[in-house]
1. Using Cβ counts within 10 Å as a stand-in for footprinting exposure, how do 177, 135 rank, fewest first?
2. Karplus couplings for the range 164-179 from phi (6.51 cos²θ - 1.76 cosθ + 1.60, θ = phi - 60°), rounded to Hz, Gly and Pro as x?
3. Quick check: convex hull over the Cα atoms of the range 22-128, volume per residue in Å³, rounded to an integer?
4. What is the spin-label model distance, in nm, from residue 137 to residue 64 if the labels are put 7 Å beyond Cα along the C-beta direction?
5. Return the loop-located trypsin sites (Lys or Arg not before Pro) in the range 32-131 (DSSP other than H, G, I, E, B) with at most 13 other Cβ atoms within 10 Å of their own Cβ; answer none if there are none.
6. Taking neighbour Cβ counts within 10 Å as the exposure measure, how do 44, 187, 76 sort from fewest upward?
7. Within a 10 angstrom radius of the beta carbon, how do 114, 156 rank from fewest other beta carbons to most?
8. What do the square roots of 5 times the Cα gyration tensor eigenvalues come to for the range 68-199, in whole Å, largest first, as semi-axes of the equivalent ellipsoid?
Amino acid sequence: MEDYTTSYHALTILLTLLFLSNFHTSLASTSSTTTEKYKTYIKTACNSTTYPKECNNALLPFASKIKANPQKLCNTGLSISIKAAKNCSSTISKLSKNKGFTHSEVAIIKDCIENIKDSIDELKQSLNEMGHLGRSNVKAQIYDIKTWVSAALTDENTCTDGFDGMNVSKTVKNTIRKSILTVATPTSNALSLINSLHSY
Ligand SMILES: *[C@@H]1O[C@H](CO)[C@@H](O)[C@H](O)[C@H]1NC(C)=O
Ligand SMILES: *[C@@H]1O[C@H](CO)[C@@H](O)[C@H](O)[C@H]1NC(C)=O
Ligand SMILES: *[C@@H]1O[C@H](CO)[C@@H](O)[C@H](O)[C@H]1NC(C)=O
């Protein structure tokens, strides 16, 4: 009898362990399948942007936060653009501290800092409106957001439009071009993602 009880207990424990380990495995595989699904969602959305590779690199780390939610996808894209615009602003402000610029260079750098500031405002306004979708006419809200992000992109690109025929050194040109690229790329991608908000 005692032998039977002991082996019965042993069997119960063994079965419980087997059950738990199976349960664990199935949980783990469920969550990794879900993450893969979210990543595929982002890759598909990024595929229709101007810079798919950069879009994937920027957004995939946020897959578990974005899930498969188009609104969260756009919000994340906008937040990344705002961060990039602040970074760009600080790079160009640092550049402006240097000495010995020509009058053209001083004017171009000053205008560029203004343009990036406007672009940050427009991106922030867009992100804020994304957070209030449905408060009024959603179609009109999305239209406004598209207009602001598009204006932000124009402002960023204006920084590099003013070089032609001006006495601007290679260093100034390259610094501005390079740092504008770091913000115009995510902004252009955010605009594409927002343009794909068909269902709203
Ligand atoms: C991206 O688009 C290309 C061409 O349209 C297609 O072949 C590819 O499967 C797409 N990739 C994803 C992840 O959607
Ligand atoms: C352009 O700027 C450089 C550096 O300040 C100066 O030496 C040169 O004379 C300027 N050229 C013109 C055409 O103004
Ligand atoms: C910040 O700016 C620097 C200089 O332009 C650039 O190399 C870097 O990639 C930027 N970082 C981000 C997150 O945009």
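A short reminder: the numbers here are calculations on the coordinates, not readings from a lab. No experiment lies behind these values; they were computed from the predicted model shown. Cβ coordinates were reconstructed from backbone atoms using ideal geometry, including for glycine residues, and neighbour counts include every protein chain displayed.
1. Values: 177 13, 135 9.
So the residues, fewest neighbours to most, are 135, 177.
2. 4, x, 9, 8, 10, 5, 4, 4, 5, 4, 5, 4, 5, 4, 5, 6
3. Values: hull volume 13.5 nm³, N = 107.
Expressed per residue, the convex hull around the Cα atoms of the range 22-128 is 126 Å³.
4. Roughly 4.2 nm, to one decimal.
5. Working: sites: 37, 39, 43, 53, 65, 67, 72, 83, 86, 94, 97, 99, 110, 117, 124; in loops: 67, 97, 99.
Of the trypsin sites (Lys or Arg not before Pro), the ones in loops of the range 32-131 whose Cβ has at most 13 other Cβ atoms within 10 Å are 97, 99.
6. Working: 44 10, 187 29, 76 22.
Result, fewest neighbours first: 44, 76, 187.
7. Numbers: 114 13, 156 30.
If I rank by nearby Cβ atoms, fewest first, I get 114, 156.
8. Square roots of five times the eigenvalues give 32, 12, 12 Å.
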